[in-house]
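A.B. asks: Below is the structure I would like to discuss, written out as structure tokens.
The values are calculated or read from the model by the stated rules, or taken from the named source; none is laboratory data. Bear in mind the structure is a predicted one, so any value in this text is a computation, not a measurement. Glycine gets a Cβ as well: all are built from the backbone with ideal geometry, and neighbour counts include every protein chain shown.
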Amino acid sequence: MAGLQGCFPIADLSNYTKGWTIRARVTAKGQIRTFQSKREGSEGGKVFSVDLLDCEGGEIRASLFNNAVDLFGEKLQVGKCFTFSRGTLKIANRQYSSLNHRYELTFDKDAVVEEVNDDASIDTMKLHICELRSVQTKTLPTNVDLCGVVVSFKAPVSFTSKDGKELVKREIVLADDSASSMEVTLWGDRAQKADKEFEGNPVMCIKGVIVKEWGNGRKGSLMEAGALLPSPTIPEAEKVRQWWSQGGSSQTLTALSDGGFVGGKAPVGKPATLADIRAAAEQALISEDVFSVVCRLAIVQTKKQGEEQPLYYMACMEPKEGNKLPCNRRVDASGFCAVCNRAGKVAPRFSLRCKFSDCEDSAWLTTFHEAAKGALCMEATELKDLEAGAGREAMEAAIRHSYFQQPLKVTVRAKPDSYNGESRTNITCIDARPVPMAEHGRLMLKEIQEMIVAC
């Protein structure tokens with residue numbers, strides 16, 4: 001065990017430290033990026049960052065610029081140990097790093113970096129696990145390390161960014177023993193891992209997740225310099241495994257992320273009750289209207305006149321020309337899509353009739369895929385797999401578990417329609433997600449104040 005060997009502890013580095021040398025292991029490395037200088041007449045440059053860990057557990061982010069990139073870009077590899085000197089310190093930008101050090105290092109042409117023998121006294125990685133429930137109260141943006149069960153995941157999606165880069169992302173939902181869940185986006189090679197890596201509710205640790213406000217919830221994104229750690233052996237991972245196996249899998253989770261509506265933002269509707277929705281349904285509307293109702297899921301129609309009702313259909317997932325979004329049209333029994341004129345990748349999509357209830361009334365609403373996911377807190381793939389594996393009864397039992405659970409913010413669209421030549425109002429549920437408690441609380445306080453003034 002080499003230890004510090006006369007080197008300076010990372011934890012003690014500050015602007016008052018002179019002539020220091022640190023001995024550390026590279027635990028993460030970012031890609032080389034180019035940038036344009038903000039100073040007029042100055043050329044741009046290039047930079048990459050590494051996370052460093054020493055034998056005393058001290059961590060710090062180091063950024064190498066220009067000449068240092070040429071000298072050490074290939075040399076610095078994750079897992080290897082080095083000594084570092086002749087760098088400068090500045091206050092760390094916490095928006096881009098999950099490390100706890102107040103400072104970060106910068107190295108340029110004067111940097112001295114030398115590889116040393118592997119030091120067994122230095123861990124390969126240090127995690128500062130944050131339980132998901134506490135993420136809800138953190139000031140955003142924030143960087144955290146997470147440990148949880150993968151309760152659901154989506155297929156990887158390829159797209160072109162605004163600056164023309166080809167990107168791949170995959171969204172997973174992580175839950176832990178605080179009975180909370182949050183969506184985390186994986187990028188690049190991590191997103192393209194085989195589906196089997198995420199199947200069967202594995203426990204994973206994710207280091208370096210930046211959390212931001214998204215719609216009415218919070219979502220995480222794994223940073224480039226972060227790490228995805230399957231099958232971790234740390235105590236926090238074992239605690240999560242025990243929670244999941246001893247009842248957590250059937251527990252109602254508090255979702256920090258919204259329901260995943262296209263674009264991330266919940267549709268905005270005027271506040272209403274289900275009684276207002278019923279009144280709108282009984283009149284012929286001239287134009288489309290959108291309402292927002294706080295209620296709970298009461299019933300999902302699984303049978304009609306004694307006949308079992310289909311709760312999902314198989315849809316084409318092949319990308320459409322132009323926008324590369326999934327086709328989503330219904331396919332036949334062989335998987336053939338009439339719109340795409342071929343058989344390709346398919347996936348189940350919800351199509352439900354749901355009864356929602358509030359303090360005044362109840363209403364049956366046609367509830368399509370995105371809204372149904374939010375109402376049931378379940379993916380269509382999970383429901384299909386449950387029916388295939390355990391049967392229809394088990395699937396219906398899982399649905400009943402969602403009845404009258406957490407309050408939902410349901411967005412309802414009312415638009416004019418006609419049927420057999422008669423005008424009518426078409427009412428559908430287009431979005432459902434857990435109620436944002438802070439926002440709902442402020443709205444109720446405002447209503448109370450208005451009632452007091454009116455008295």
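Yes/no matrix, rows are residues, columns are (1) of a type outside the set (Ser, Thr, Tyr); (2) within 21 Å of residue 251 (Cβ to Cβ):
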{"site": "396", "(1), (2)": "yes, yes"}
{"site": "403", "(1), (2)": "no, yes"}
{"site": "407", "(1), (2)": "yes, yes"}
{"site": "416", "(1), (2)": "yes, no"}
{"site": "422", "(1), (2)": "yes, no"}
{"site": "428", "(1), (2)": "no, no"}
{"site": "435", "(1), (2)": "yes, yes"}
{"site": "440", "(1), (2)": "yes, no"}
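A.B. asks: Report, by residue number, each residue of segment 302-333 that is modelled with pLDDT under 85 and in a strand (DSSP E or B).
C.D. replies: Passing the criteria: 319, 326.
A.B. asks: Can you tell me how many residues in segment 67-124 are of a type in the set (Asp, Glu), closer than 28 Å to residue 221 by Cα and in contact (Cβ under 8 Å) with a residue 24 or more places away in the chain?
C.D. replies: Just the residues of segment 67-124 that are of a type in the set (Asp, Glu), to begin with: 70, 74, 104, 108, 110, 114-115, 118-119, 123.
Now drop any that are not closer than 28 Å to residue 221 by Cα, which leaves 74, 104, 123.
Next cut, in contact (Cβ under 8 Å) with a residue 24 or more places away in the chain only: 104, 123.
The number of residues fulfilling the criteria is 2.
Every residue, every condition in (1) modelled with pLDDT under 95; (2) farther than 20 Å from residue 46 by Cα; (3) touching a Lys or Arg at 6+ places or on another chain (Cβ under 7 Å), yes or no:
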{"site": "66", "(1), (2), (3)": "yes, no, yes"}
{"site": "71", "(1), (2), (3)": "yes, no, no"}
{"site": "82", "(1), (2), (3)": "no, yes, no"}
{"site": "90", "(1), (2), (3)": "yes, no, no"}
{"site": "93", "(1), (2), (3)": "yes, no, no"}
{"site": "97", "(1), (2), (3)": "yes, no, yes"}
{"site": "102", "(1), (2), (3)": "yes, yes, no"}
{"site": "109", "(1), (2), (3)": "yes, no, no"}
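A.B. asks: Give the number of residues within segment 42-66 that are without any contact (Cβ under 8 Å) to a residue 40 or more places away in the chain, of a type in the set (D, E, K, R) and part of a loop (DSSP other than H, G, I, E, B).
C.D. replies: 1
A.B. asks: Just to verify a result, which residue in segment 173-218, among those that are touching a helix residue (DSSP H, G or I) at 6+ places or on another chain (Cβ under 9 Å), of a type outside the set (A, V, I, L, M, F, W, C) and touching a residue at least 40 places away in the same chain (Cβ under 8 Å), is surrounded by the fewest Cβ atoms within 10 Å (Cβ to Cβ)?
C.D. replies: 201
A.B. asks: Might you check whether a residue that is closer than 18 Å to residue 121 by Cα, assigned by TED's automatic domain parsing to the domain that holds residue 99, in contact with a Ser or Thr (Cβ under 6 Å, 6 or more places away or on another chain) and of a type in the set (A, V, I, L, M) occurs anywhere in segment 40-54?
C.D. replies: We begin by selecting, within segment 40-54, every residue closer than 18 Å to residue 121 by Cα; these are 51-54.
When the remaining residues are screened for being assigned by TED's automatic domain parsing to the domain that holds residue 99, the result is 51-54.
If we keep only those that are in contact with a Ser or Thr (Cβ under 6 Å, 6 or more places away or on another chain) as well, we get 51, 53.
Filter again for of a type in the set (A, V, I, L, M), leaving 53.
Within segment 40-54, one or more residues are closer than 18 Å to residue 121 by Cα, assigned by TED's automatic domain parsing to the domain that holds residue 99, in contact with a Ser or Thr (Cβ under 6 Å, 6 or more places away or on another chain) and of a type in the set (A, V, I, L, M).
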